[in-house]
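For reference, the structure is listed below as C-alpha cells.
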Amino acid sequence: MGTHSGHERNGESARGGALQRLERRLAAAWAEQDAYQIEQLAGMIYDRLVRSDPSAAATVLEQNAHRLAVAGKPAEAAELATRLIRHWRELEQRPFYLARLQQMVLEPLQALSGVEAARARTMVLEAVLAWKRASATVDTEEAAPAELAPVQDALVDAYVLCGEWARAQYQVVCRGGPAERDLAFIDEQLGPHLANDVERMLARTRLVLFYVLAGNLKAGRALVEEIQRKHPTAPMTNFVVILMQVLERARNVDSSKRRLLRNFCDDLKRVYHWAFSLDPELDAMLDDVLKAQGL
C-alpha cells in the first residue's frame with residue numbers, strides 16, 4: 001500500500017517538475033519576446049493542466065493571448081485565443097462570453113494596424129461567431145441577434161483589410177442588413193479597392209442577387225430601395241429595381257405567367273448585355289436566381 005502511494009507521489013512530483021520547467025521556459029521566452037516560443041509553451045502548459053485543472057489551463061491561454069496582443073504579436077495571440085474559445089465552448093460548455101473576449105483579446109488586436117493584425121482578428125472573430133451560433137438557436141428567418149451584429153461588423157472590416165472581398169460580402173449577407181450599412185459596405189469599404197464606378201455598380205448588383213439566392217428577399221428589396229435613393233441615375237439601378245419587381249410578382253403567379261416573366265427577364269438581360277459581358281459571374285448568378293424563383 002505504502003509503495004503504491006509512493007509511486008503516486010513520485011508521479012505527481014515528476015509531473016509537477018515538468019510543469020515547472022515549462023513555466024520557466026515560458027518566462028524565458030517572454031524575456032526574449034519570442035512570440036512563437038511563447039505560443040508553443042503556453043499551449044504545452046495548457047495541455048498538461050487541462051485534465052486536472054481546466055480553469056487554470058484556460059487562464060494560461062487567456063493571460064498569454066492578452067499579453068501577446070498587447071505586445072503587438074497578433075498571429076500568436078490569435079492562435080491562443082481560438083484555443084481558449086474552443087476550451088470555453090467545448091470543455092467548460094460556458095454560455096457565450098463576448099465581453100471577456102473583447103476586453104482580453106479583441107480590443108488589443110483592434111488597436112494594431114496592418115494585414116497580419118487583420119488576419120488575426122478574422123481568426124478570433126470566426127471562432128466567436130461559431131461559438132455564438134452553437135450556443136443559440138437562431139431562426140433563419142430572423143435577423144442576426146443583436147449581440148452578433150458588432151462581431152459581424154468587425155469581421156467584415158477585417159476581411160476588407162485582408163483583401164478577402166468574397167468573405168466580406170458573404171458575411172454582409174449573413175448579417176442581413178440594414179440596407180444603409182449594406183450599401184456603405186460597397187460604396188465606402190469596398191469602393192476604394194474597386195477600379196471605377198462601373199465596378200462599384202456591378203458589386204451593388206451582385207449583393208442584391210446574393211440576398212435573393214440566400215432567400216432573403218426582404219433584405220434584397222431594402223437594399224434595392226437604398227440603391228435607388230443613393231444612386232438614382234446609375235446605369236444598373238433601373239435593372240435591380242425592375243428585377244426585384246419581377247421576382248416578387250413571380251411568387252404568386254401560375255406557370256403561364258411565369259413563362260412570360262422569364263421571357264421578360266431574358267429581354268431585360270439583352271438590354272443590359274454590356275453589363276453582363278463585363279462580369280460573366282453576374283450572368284451565372286442571374287440564371288441561378290431565376291431558377292431558384294421558378295422562372
Unmet requirement for Ala284, which otherwise passes all of (1) over 26 Å from Gln171 (Cα atoms); (2) outside any loop (DSSP other than H, G, I, E, B)
(1)
Number of the condition not met by Leu80 [criteria: (1) surrounded by fewer than 22 Cβ atoms within 10 Å (Cβ to Cβ); (2) in contact with a helix residue (DSSP H, G or I) (Cβ under 6 Å, 6 or more places away or on another chain)]:
(1)
Hey, among the residues in the stretch 85-111 that are without any contact (Cβ under 8 Å) to a residue 12 or more places away in the chain and surrounded by 15 or more Cβ atoms within 10 Å (Cβ to Cβ), which one's nearest to the chain's Cα centre (by Cα)?
Gln102
Yes/no for Val198 being assigned by TED's automatic domain parsing to the domain that holds Ala284, under 27 Å from Leu155 (Cα atoms) and surrounded by 19 or more Cβ atoms within 10 Å (Cβ to Cβ):
no
Looking at the stretch 168-214 only, could you name the residues that are at pLDDT 90 or above and outside any helix (DSSP H, G or I)?
Pro178, Ala214
If the requirement is being in the same structural domain as Glu199 (by TED's automatic domain parsing), loosely packed, with under 14 Cβ neighbours inside 10 Å and modelled with pLDDT of 90 or more, which of these qualifies: Asn263, Asn238?
Asn263
Looking at this structure, is Val208 among the aliphatic types (A, V, I, L, M) and surrounded by fewer than 17 Cβ atoms within 10 Å (Cβ to Cβ)?
no
Just give me the residues in the stretch 69-81 being more than 17 Å from Leu22 (Cβ to Cβ), part of a helix (DSSP H, G or I) and among the aliphatic types (A, V, I, L, M), in sequence order.
Ala69, Val70, Ala75, Ala77, Ala78, Ala81
Could you count how many residues in the stretch 182-240 are among the β-branched types (Val, Ile, Thr) and more than 21 Å from Leu286 (Cα to Cα)?
1
Picking from Ala78, Ala149, Ala130, the residue that is hydrophobic (A, V, I, L, M, F, W, C), over 30 Å from Ala222 (Cα atoms) and assigned by TED's automatic domain parsing to the domain that holds Gly16 would be Ala78
Within the group Arg89, Arg100, Arg9, Arg15, which residue is in contact with a Phe, Trp or Tyr (Cβ under 7 Å, 6 or more places away or on another chain), modelled with pLDDT under 95, part of a helix (DSSP H, G or I) and among the charged types (D, E, K, R)?
Arg89
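The values are calculated or read from the model by the stated rules, or taken from the named source; none is laboratory data. Only a predicted model underlies this, so the values are computations on that prediction, with no experimental measurement involved. All Cβ positions, even for glycine, are placed from backbone atoms using ideal geometry, and neighbour counts span all protein chains on display.
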